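Quick notes on the structure that follows.
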Amino acid sequence: MNQQTNIKHLSLYHYNSCPFCLMTKMEIKRSGLDIENRDIQKNRHYEKELIRQGGKRQVPCLRIESLDGKIQWLYESGDINQWIKQYSQA
């Protein structure tokens, strides 16, 4: 099973004034991937979820949910952008 068929859902935790989030959102747009945006400043539920499940209040953060129910929290814009490039080319 390749990486794309193993992924159930992707969510990006961000906020609009974050320059690193902007770079990540630009990479997502280039890739053409359908990734849910979760603004932690506009929706406090997303902020609490990021802290509780991801472990820290740092954006951008990509939540990667696999079909088997495993969830990975990927921080750092450079790491997220690299993951997006690899995933979109798989």
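The values are calculated or read from the model by the stated rules, or taken from the named source; none is laboratory data. Note that the structure is a prediction, hence the values are computed from the model and not measured. Glycine also receives a Cβ, built like all others from the backbone with ideal geometry; neighbour counts cover every protein chain displayed.
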Checking GLY69 against (1) at pLDDT 95 or above; (2) over 13 Å from the mean Cα position of the chain (by Cα); (3) not charged (D, E, K, R), only one condition comes out false. Which one?
(1)
Restricting segment 39-54 to residues that are in a helix (DSSP H, G or I) and among the hydrophobic types (A, V, I, L, M, F, W, C), the residue that is surrounded by the most Cβ atoms within 10 Å (Cβ to Cβ):
LEU50
If you go through segment 30-38 one residue at a time, do you hit one that is part of a helix (DSSP H, G or I), modelled with pLDDT of 95 or more and loosely packed, with under 13 Cβ neighbours inside 10 Å?
yes
Scope segment 34-80; condition touching an Asp or Glu at 6+ places or on another chain (Cβ under 6 Å) and closer than 14 Å to CYS18 by Cβ; matching residues
ILE40
Restricting attention to segment 1-29, report how many residues are in a helix (DSSP H, G or I), touching a strand residue (DSSP E or B) at 6+ places or on another chain (Cβ under 7 Å) and exposed (fewer than 15 other Cβ atoms within 10 Å of the Cβ).
1
Output the residue which, of all residues in segment 25-52 that are of a type in the set (S, T, N, Q) and within 15 Å of HIS14 (Cα to Cα), is nearest to the chain's Cα centre (by Cα).
ASN37
When segment 55-90 is checked residue by residue, the ones that are in contact (Cβ under 8 Å) with a residue 24 or more places away in the chain, within 15 Å of HIS9 (Cβ to Cβ) and outside any loop (DSSP other than H, G, I, E, B) are CYS61, LEU62, ARG63, ILE64, GLU65, SER66, ILE84, TYR87
